[in-house]
Amino acid sequence: MAKILDLYCEVLKAAVALCLAAMVVLVFSNVVLRYAFNSGIAISEELSRWLLVWLTFLGAIVALRQHAHLGVDTLVRALSPRGRRVCFVTSYVLMLYADWLLTLGSAKQAILTFGDAAPASGISVGLFFYSSGLVFGISAAIILAYDLFRVVTGAASEEDLIAVKESDEHT
């Protein structure tokens, strides 16, 4: 399962890079057209905004898998292995609950706005905007459940119980 999640994250990294490249091309082209030719691409701003949302959610999935989100581990490091385990399980259950709320809200919003067309592009708002929350929610639930399963079954190491990585800036 770990290899599948790692491969999935590699695909997401490529998708994030494509989103960023597309945003740069869209915005740069629009700026050049506005200043040089007094025209522009009508859907450029809308698509760039949507790509930024997708880039953020896809990047958050990768960061979740790599335990790269910000965190404070001072208390957890001071605890015994059993205390670390209790803290880990509690925090992951809370994260799964928050993820459930986000996923449920995204699903409801996607369904409500599925027939709504964006003003500039005419693309379905529910399909191409709110579905990003669904992709994140489902992916995050799988990653969180996998990590939680490893800890509950004892397959995780003691270092895995500290879900915050040290910064690379210290080296």
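The table for this structure:
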read-out: Any hit, the range 53-66, residues being more than 15 Å from residue 162 (Cα to Cα) and outside any helix (DSSP H, G or I); value: no
read-out: Selection count where residues are surrounded by fewer than 13 Cβ atoms within 10 Å (Cβ to Cβ) and farther than 15 Å from residue 156 by Cβ, scope the range 72-89; value: 6
read-out: Answer from 116, 99, 147 - the residue that is at pLDDT 85 or above, more than 24 Å from residue 73 (Cβ to Cβ), out of contact with any Pro (no Cβ under 9 Å at 6 or more places or on another chain) and among the acidic types (Asp, Glu); value: 116
read-out: Among (1) touching a strand residue (DSSP E or B) at 6+ places or on another chain (Cβ under 8 Å); (2) surrounded by 16 or more Cβ atoms within 10 Å (Cβ to Cβ), the one test that residue 116 misses; value: (2)
read-out: Residue 128 being within 28 Å of residue 18 (Cβ to Cβ), in a helix (DSSP H, G or I) and modelled with pLDDT of 95 or more; value: no
read-out: Close pairs (7 angstrom Cβ cut-off, 6 or more residues apart or separate chains): among the aromatic types (Phe, Trp, Tyr) in the range 46-59, in a helix (DSSP H, G or I) anywhere; value: 50/128; 50/129; 54/19; 54/132; 57/132; 57/133; 57/135; 57/136
read-out: Residue, nearest to residue 150 (Cα to Cα), within the range 23-49, restricted to residues that are surrounded by fewer than 16 Cβ atoms within 10 Å (Cβ to Cβ) and of a type in the set (A, V, I, L, M); value: 24
read-out: Residue 136 being modelled with pLDDT of 90 or more, surrounded by 13 or more Cβ atoms within 10 Å (Cβ to Cβ), part of a helix (DSSP H, G or I) and more than 20 Å from the chain's Cα centre (by Cα); value: no
read-out: Top-ranked residue of the range 74-90 - restricted to ones that are not hydrophobic (A, V, I, L, M, F, W, C) and not in a loop (DSSP other than H, G, I, E, B), ranked as nearest to residue 151 (Cα to Cα); value: 85
read-out: The listed residue being touching a residue at least 40 places away in the same chain (Cβ under 8 Å) and within 27 Å of residue 14 (Cβ to Cβ), out of 146, 92; value: 146
read-out: Criterion violated by residue 71 - all others in (1) under 22 Å from residue 146 (Cα atoms); (2) in a helix (DSSP H, G or I); (3) in contact (Cβ under 8 Å) with a residue 12 or more places away in the chain satisfied; value: (2)
read-out: Any chance residue 101 is of a type outside the set (Ser, Thr, Tyr), assigned to a helix (DSSP H, G or I) and touching a Phe, Trp or Tyr at 6+ places or on another chain (Cβ under 8 Å); value: no
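The values are calculated or read from the model by the stated rules, or taken from the named source; none is laboratory data. Only a predicted model underlies this, so the values are computations on that prediction, with no experimental measurement involved. So basically every Cβ, Gly included, is an ideal-geometry build from the backbone, and we count neighbours across all protein chains shown.
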